[in-house]
Amino acid sequence: MNNLSFHVAHLELTSKCNFQCHFCPIDDISRSSQIMKKELAFRLVEEIANNNLAKVTVFQQLGEPLLVPYLGELMEFSSQLGLKNRIGTNGLLLSKKKNLGYILKHCDNLDIGIRASNQEELSSICKNKNISFDNYLDGIKLFIAEMLKQNSETVITLRLFMGELTQQILNKIGIDYSLNNTPLMVPIEHKGLFLYFEECLDRNWTEDKNNHSRHIGTCEEFFYSFVILANGDMTTCCWDYDGQNTFGNIHSYNSIIDVLSGKKYLNARKLFSQNVVPFKLCTTCSRINKKVYFEKNLSKPLVYSHE
């Protein structure tokens, strides 16, 4: 298995979140809400680095990574081992996290997802109902301004759903970008930031909207990354948020490599290599036969192609 390598390893440090976005299935998952044990997270990062299993660690799947108390320590450890680090946040804690500077010192890519366009929408998704929408945006605005002032090396991507109020939100956080003829799902570099606009998601993240069911095909995502969920389940990709395609639980194995050496994983890899879709969940996934977009040096945000 020493010739097996990926670009990204997703470690879901927590399945807890301070938001409940309408498109997120976090309340529907069958596994319990939890934070991964610190010792396990450090052991997994060390194994990933020592065995060249991936170049990038993404410390997120479901959940808000800034809720994890040991996040800064883990990202520093990951950086020291030569890995690139990426996290995504809803932005609420950017003005509240005490050790944010320490975390960002070791963060190569930071995604900020603004998933509400007014007070009503924020109140419907934020578990703290007393949060003001204006204060929420002001916190993000101040954070971005400070990062740009410091010439931070962290690549910041601002992610928004495209809608009637999107331009107004950009204006409120001080970004003078015009949305006229803006393409969707394409990273746009603008004055030290990356902007990424997409259609509003629903809870069926991967489902092919044309109701296609594919049993013939392959998946670049499968060969591009792997995911370890907060409960230890190791699965195919970041789209499998509930572990339907689990190969095994890391608590039952000595290592990641042991899971990847198992019959279930090797059989799936063989079938995908032969253009056969091995999992029921994958047969209805819109990512089948789609290309994965990434930059090896992380000079641009990690996103999926719009092809």
Among the listed pairs 127/290; 127/172; 38/172; 97/290, which have their C-alpha atoms separated by more than 32 angstrom in this model? 127/290; 38/172; 97/290
Which trypsin sites (Lys or Arg not before Pro) does the stretch 133-185 hold that lie in a coil by DSSP with at most 13 other beta carbons within 10 Å? none
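Would you mind telling me the share, in percent, of accessible area of the chain contributed by carbon and sulfur at probe 1.4 angstrom? Please list the in-between numbers first.
Working: 6860 of 14410 Å².
The computed percentage sits at 48.
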With the stretch 1-157 reduced to its Cα atoms and the Debye formula applied, log10 I(q)/I(0) at q = 0.09, 0.10, 0.13, 0.20 1/Å amounts to -0.31, -0.38, -0.64, -1.32
Straight-line reach from residue 264: which lysines fall under 22 Å, measuring Cα to Cα and dropping same-chain residues less than 8 apart? 280
Sequence-distant aspartates and glutamates (8 or more away, or on other chains) whose Cα lies within less than 14 Å of residue 149: none
If you take every DSSP beta bridge whose two residues both sit in the chain, what share of them, in percent to the nearest 5, is antiparallel? 30 percent
How many percent of Cα pairs in the stretch 66-159 exceed 22 Å? 30 percent
Would you mind pulling out the separation of the Cα centroids of the stretch 83-97 and the stretch 117-139, in Å? 17 Å
GluC sites (Glu not before Pro) within the stretch 126-187: DSSP coil, no more than 11 neighbouring Cβ in 10 Å: 153, 164
The chain: most fluctuating residue of 194, 59, 226 per GNM, C-alpha cutoff 10 Å: 194
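Show me the three semi-axes of the equivalent ellipsoid for the chain, from the C-alpha gyration tensor (sqrt of 5 times each eigenvalue), largest first, rounded to whole Å. Don't jump to the answer; show the numbers that get you there.
Numbers: eigenvalues 189, 104, 69 Å².
The equivalent ellipsoid of the chain has semi-axes of 31, 23, 19 Å.
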Given R₀ = 25 Å, what would the calculated FRET efficiency be for residue 264 paired with residue 51, taking r from the Cβ atoms and rounding to 0.05? 0.80
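The values are calculated or read from the model by the stated rules, or taken from the named source; none is laboratory data. Since we're looking at a predicted model, the values are computed, not measured. In this analysis, Cβ positions are derived from the backbone assuming ideal geometry, glycine residues included, and neighbour counts consider all displayed protein chains. Please note that ligands, DNA and RNA were not included when accessible areas were found on the heavy atoms of the full protein model with its side chains. Shrake-Rupley method; radii C 1.70, N 1.55, O 1.52, S 1.80 Å.
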